[in-house]
Amino acid sequence: MDSSRMLFLFIVSILLDLLAPAVAQVNDAVCNYTVDFCRRCSYTGTYEDGGAYQKNLHTLLSSFSSNNQTNSGFYNSSTGQDPDKVNAIALCRGDVSLNDCHTCVNLSSSILFKDCLNQDEAIIWGERCMVRYSRKLIFGTQEDEPIKYLPSLSSATDPEEFDLVLNLFLDTLTEKAASGDSLKKFAAGHVIIQGSTTNQPIYALLQCTPDLGKQNCSGCLKGAISKIPECCGGKQVGRVLKPSCNLRFETSLFYDSTADSLVVLPGKKSTISKAVIVVIITVVAIVFVAMILIGIFISSRMRRRRKKLKLENDNSDDIGVVESLQYDFETIRSATDDFSDANKLGQGGFGAVYKGRLPNGKYIAVKRLSKNSEQGDREFKTEVTLVSQLHHRNLVRLLGFCLKAGERILIYEYVPNTSLNHFIFDPINHGHLNWETRYKIIRGISRGLLYLHEDSCPRIIHRDLKPSNILLDEDMNPKIADFGMAQLFMMDQTQGDTKTIMGTYGYMAPEYAIHGRFSVKSDVFSFGVLVLEILCGRKITSFRSAENEEDLLTYAWRNWKADTVSNIIDPVLTTGLGTETMRCIHIGLLCVQEKVASRPTMTSVVSMLNSHSMILPLPSRPAYYLHNSETDMTERTQSYESKNPEHVSINEDSITELYPR
């Protein structure tokens, strides 16, 4: 009989092994309790065996299991280019050592490679770690599916009391876990259920992936807690596993004792006399405080109302046409996790910029203008009324604004690759800008400026064009940003004057910096500086010649005259002195000429960039030229004509635009 039973069990085990792949494909998740892991293959798509996606996947997961750069137990990274780009996350349990973490990640990755062969999305929850990969972007996103429950078969002695204490206990740990930093969001501890005969402990552990904000982490864990009644109600052991968070509870210690602490829950029992005393004291205190708060509230509300009416009256004419773009302040505060430093993208002269995520999942950039700043008020009015009417692929799009009790907030589209200066001036990142990308950026900026100068209504002069105000999208397309100092022009207006000079020295045209006169040619000058910086890969002020200080314009002009143009070009560019490169240097020098009338308009600049057959005039000396004397241009002209006859204009004024008087 025993031998028959053993034979039967042996046959069943073989059949289960044969059926395992088929079962894995139809179940949401497959768990192997002998090695304590659960995994789920998506079966939404596959990758080619031996292809780029598989190689990127192996490279990325292997780097997690051998990465010693962090001891937080959290790894998230991407490898490859679309459509073979792999995004992956590995999260080790908060109490696990670094060696055990690497071992778990390595084992889990091996299981995924074997059991989810050729599947382009998968997740595995192990005893000590979780590993997940996908083609889609999975960073900073709360994911609640797939979800897996692991309840025990044993029920608590008093299930109702057990569940009551468990819920209070998990709520307390949720707040602690969600309050963690960007390296670890983890909480563990135990409580004691006071029984009539024995005291029973409950140990619990909760954790989120640290890329979640506090609100998303709390929401993920609370959602997991809400699933306990349907999966693990009244059970002594239970686990709820999600991609973004997980929780586990047992009646015995299952994590490292160094992570344990006693959690004291609010008492539920008290004598009647004490309860009455507490109620009386509480009611009296509440009434007293309420009277004070009501007085303060009424007074402050009246003050806020007066301020709001004043601010709204000041801005009513400017923003009346864009009321439909107004956002609720609480929505913006929630989207930025209460303007947390973790979401801060940068700090400017008018305020800070934060990354946010709306309830629909859309990412935004939120500029919170400085309070009590007259300059900030002017910027708010200008940007809302102007930028909301601008629609061009090379301009950052204004999505809306928020105006509440002194808060002035602008909501823009989120541009993921930050600003141009983070690439061209960074010793590492600027190497990633090949010539094709730089040329695309130059042409995109020129098209955006042309739209502002000629096609927008009203016409606009930016007045603060510089690398930090050029943002780059995911495809490295440039978008002009920051219109806080922009100036409106009527259709027949060509120039203006101001007594207040605002901008960045080095990028300001001399007639504006010295005399306060600005025009479309002021932006052309700034564009020329930008072009030369993009070609050179260095800031305008970062040049020296022997013991003499000189700027980029002087450096470029000196090399142009000396026929050493290769000195101007960033050494990382491998295309050499091609026609496009030389032409862009030529255009940049035309734009920064000292004489305003000699500079081309953006219409001419765009034509120069689009047509290589268009003849360019020779540039004259740039503004801010630091040498005290200058030799005659004849020698330079003759030298250039002999080497580049096809680029020399017979009539040097062939594309010069007259500057209106």
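The values are calculated or read from the model by the stated rules, or taken from the named source; none is laboratory data. All values reported here derive from a predicted model rather than from experimental measurement. Methodologically, a virtual Cβ is constructed for each residue, glycine included, from the backbone with ideal geometry; neighbour enumeration extends over all protein chains shown.
Scanning the range 128-154 for residues that are of a type in the set (V, I, T) and touching a strand residue (DSSP E or B) at 6+ places or on another chain (Cβ under 6 Å) yields V131, I138.
This table checks each residue for (1) buried (at least 16 other Cβ atoms within 10 Å of the Cβ); (2) of a type in the set (S, T, N, Q); (3) modelled with pLDDT of 85 or more; (4) within 25 Å of the chain's Cα centre (by Cα).
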site: G406; (1), (2), (3), (4): no, no, no, no
site: Y414; (1), (2), (3), (4): yes, no, yes, yes
site: F425; (1), (2), (3), (4): yes, no, yes, yes
site: H430; (1), (2), (3), (4): yes, no, no, yes
site: I442; (1), (2), (3), (4): yes, no, yes, yes
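Of all residues in the range 350-361, how many are without any contact (Cβ under 8 Å) to a residue 24 or more places away in the chain and part of a loop (DSSP other than H, G, I, E, B)? Walk me through it before giving the result.
Here is the first cut: in the range 350-361, the residues without any contact (Cβ under 8 Å) to a residue 24 or more places away in the chain are 352-354, 360.
Narrowing the set further to residues that are part of a loop (DSSP other than H, G, I, E, B) leaves 360.
Counting residues in the range 350-361 that are without any contact (Cβ under 8 Å) to a residue 24 or more places away in the chain and part of a loop (DSSP other than H, G, I, E, B) gives 1.
Only a single item in (1) under 28 Å from I409 (Cα atoms); (2) modelled with pLDDT under 70 is not met by K274, and it is number (1). Within the range 323-347, restricting attention to residues that are of a type in the set (S, T, Y) and in a helix (DSSP H, G or I), the residue that is surrounded by the most Cβ atoms within 10 Å (Cβ to Cβ) is S334.
A quick yes/no check of all residues on (1) over 30 Å from L153 (Cβ atoms); (2) modelled with pLDDT of 75 or more:
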position	(1), (2)
T251	no, yes
G267	yes, no
M291	yes, yes
K308	yes, no
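Before we move on, is E160 out of contact with any helix residue (DSSP H, G or I) (no Cβ under 9 Å at 6 or more places or on another chain) and either assigned to a helix (DSSP H, G or I) or farther than 25 Å from K222 by Cβ (or both)? Yes: the conditions hold for E160. Looking only at the range 483-492, decide whether some residue is at pLDDT below 90, surrounded by fewer than 16 Cβ atoms within 10 Å (Cβ to Cβ), assigned to a strand (DSSP E or B) and not assigned by TED's automatic domain parsing to the domain that holds H391. Yes. The residues on offer are G349, G320, G361, and the sole one that is out of contact with any His (no Cβ under 6 Å at 6 or more places or on another chain) and modelled with pLDDT of 70 or more is G361. If you go through the range 90-122 and keep only what is surrounded by fewer than 23 Cβ atoms within 10 Å (Cβ to Cβ), assigned to a helix (DSSP H, G or I) and among the hydroxyl-bearing types (S, T, Y), you end up with T103, S110. Residues that are of a type in the set (K, R) and touching a Ser or Thr at 6+ places or on another chain (Cβ under 8 Å) within the range 207-259 comprise K214, K222, K235, listed in sequence order. Could you list all residues from the range 48-76 that are surrounded by 15 or more Cβ atoms within 10 Å (Cβ to Cβ) and either part of a strand (DSSP E or B) or of a type in the set (V, I, T) (or both)? Correct list: F74, Y75, N76.
Could you identify the single residue in T103, T59 that is within 27 Å of A259 (Cα to Cα), free of Cβ contacts under 8 Å to residues at least 40 places away in the same chain and not basic (K, R)?
T103
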